[in-house]
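Okay, structure first, notes after.
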Amino acid sequence: MKQNLFVYNTLTRKKEEFKPINPPLVGMYVCGPTVYSDVHLGNCRTYISFDLMFRYLNHLGYKVRYVRNITDAGHLEGDLDEGEDKISKKAKLAQLEPMEIAQKYTIGFHDVMNILNVLPPSIEPTATGHIIEQIELVKRILAKGYAYEVNGSVYFDVEKYNSTHDYGILNGRNLDDLLANTRALGGQQEKHGKLDFALWIKAKPEHLMKWPSPWGVGFPGWHLECSAMSNKYLGEHFDIHGGGIDLMPTHHTNEIAQNIACCETIPATYWVHTNMLTVNGQKMSKSLGNSFLPVELFTGKNSILNKAYSPMTVRFFILQAHYRSTLDFGNDAMEASEKGFKRLMNAYALINDLKVSATSDVEINALLNRCYEAMNDDFNSPVLIAELFEASRIINSVYDNKLKIDAENLQLLKQLMQSFVIDILGLKDEKAADDDLPQLLNFIVNLRSQAKTNQDYATSDKIRDGLQKIGFQLKDTKEGTNWSKI
């Protein structure tokens, strides 16, 4: 096992040597999607980045218990425990059961992850499947005196907690700053303080997703769900907790407070956050109208890019930037990624055709060590890719008889390319992956069906016309939609 892996810890704001609590077991929890809409490209960056970490830790010989949850209840529209549950709202509009909405978008999420070659986690729990655990957690926090019940809802007392602990430990802000930048409660007068957050919320009569509890019929708060599920499957203290950087100020901050209040320990040793995607220098978000669904990249039906790009090109594009840096999205960046991906995979395809010589002009062991050094430096995929381009140069030069390589170095070169290109970066040769085409097309057809169900006929027609332009025809039947090559 390679040693001296360093991971940037958001909690301490520095790189730290990775030392698991109970090696070789590593516990890793990543906040998964809220399944009320299609997964967008920003989400994909987070899950691809943690897939890279999962793959590399496994490669090093660790046994990784990777937990990635599904949020299928309790995620409200507002940020102050206000508004309607997003899944319930979608279900009412579509006149469906909430679990139909959750199931549909969970399947869509899995389809996207499969297409992008993201490995499934070890455990994928759902919030609705762990209501009992969440109620028990609320009971424990109440017993410790860090929560209070008002009219059937239970709130976490942030100011009381902060009197003995540092509530802003993760984002480095003190309570006075946080209070000064928090807007008035607005309809939440039953809270004692502006920063208090809901552990359990009393359900209104029209609320669709609700469960009995000691405080009345209601539903869990969003932050509580992750604490309950990580506790159940990884214990009160585990190794890595992660997600997008947008989760750090509130969601992860509240998870830490809940866990310390309940269990008297911070939930994870290492806190890891992926940075945001930008579009031509501007933050990518739904509110700005510049966010992308993966299907819009695969079909080329979007307002920014000049053409379609393959799933592995998208994965390569994401891995070309370090997970903690911002990643700017645009035509030039995608075209460069397409060229880089093809260059790497063309070299990989040549490796079995290289001729062995008695002597060698290259020393692969040093290159192999540099690849490990890159990944050991906080999973530095862009530096790794630069080293793999050097490996590609060597492969092309040996193939063209410009360099010689002996059997020992050729074996190391094959090991390097298989380990780092295929196993760790998770890239696939798309020329040899024609079996994935039906899966990709079925995914796109399912998205069109969802659009039709939601009466979004403009999107439905856009997908049909886009597929026709690239050579595929759709036919709607009573049994569903079929596709065929034109």
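The values are calculated or read from the model by the stated rules, or taken from the named source; none is laboratory data. Just so it is clear, the model here is predicted, and its values are computed rather than measured. Cβ placement follows ideal geometry from the backbone for every residue including glycine, while neighbour counts extend to all protein chains displayed.
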Flag if Asp38 is touching a residue at least 40 places away in the same chain (Cβ under 8 Å), outside the structural domain of Asp377 (by TED's automatic domain parsing), surrounded by fewer than 21 Cβ atoms within 10 Å (Cβ to Cβ) and of a type in the set (D, E, K, R) = yes
Single residue of Leu427, Leu467 found to be surrounded by 19 or more Cβ atoms within 10 Å (Cβ to Cβ) and not in a helix (DSSP H, G or I) | Leu427
Selected residue [under 11 Å from Leu208 (Cα atoms) and either in contact (Cβ under 8 Å) with a residue 40 or more places away in the chain or surrounded by fewer than 16 Cβ atoms within 10 Å (Cβ to Cβ) (or both)] from Ile87, Ile101, Ile70 = Ile87
Segment 44-67, residues that are in a helix (DSSP H, G or I) and either touching a helix residue (DSSP H, G or I) at 6+ places or on another chain (Cβ under 7 Å) or surrounded by fewer than 21 Cβ atoms within 10 Å (Cβ to Cβ) (or both) | Cys44, Arg45, Tyr47, Ile48, Leu52, Arg55, Tyr56, Asn58, His59
Residue list for segment 335-370, restricted to those being polar (S, T, N, Q) and either part of a loop (DSSP other than H, G, I, E, B) or outside the structural domain of Pro382 (by TED's automatic domain parsing) (or both) = Ser357, Thr359, Ser360
If you check Ile87, Ile135, Ile115, which single one turns out to be farther than 28 Å from Tyr155 by Cα and either of a type in the set (Val, Ile, Thr) or under 23 Å from the mean Cα position of the chain (by Cα) (or both)?
-> Ile115
Of the residues in segment 264-308, those that are free of Cβ contacts under 8 Å to residues at least 12 places away in the same chain and under 30 Å from Arg140 (Cβ atoms) number 1
Go through the residues of segment 91-100 one by one and say whether even a single one is in contact with a Leu (Cβ under 6 Å, 6 or more places away or on another chain) and part of a loop (DSSP other than H, G, I, E, B).
-> no
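Quick grid of which residues meet (1) hydroxyl-bearing (Ser, Thr, Tyr); (2) assigned to a strand (DSSP E or B):
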{"residue": "Ser213", "(1), (2)": "yes, no"}
{"residue": "His241", "(1), (2)": "no, yes"}
{"residue": "Gln258", "(1), (2)": "no, no"}
{"residue": "Phe292", "(1), (2)": "no, no"}
{"residue": "Leu297", "(1), (2)": "no, no"}
Condition met for Gly27 (under 21 Å from the mean Cα position of the chain (by Cα), within 30 Å of Glu84 (Cα to Cα) and modelled with pLDDT of 95 or more) | no
Filter segment 280-290 down to the residues that are in a loop (DSSP other than H, G, I, E, B) and surrounded by 10 or more Cβ atoms within 10 Å (Cβ to Cβ), then identify the one that is modelled with the lowest pLDDT.
-> Lys286
Among Phe443, Phe389, which is the only one that is out of contact with any strand residue (DSSP E or B) (no Cβ under 6 Å at 6 or more places or on another chain), among the aromatic types (Phe, Trp, Tyr) and assigned by TED's automatic domain parsing to the domain that holds Ser303?
-> Phe389
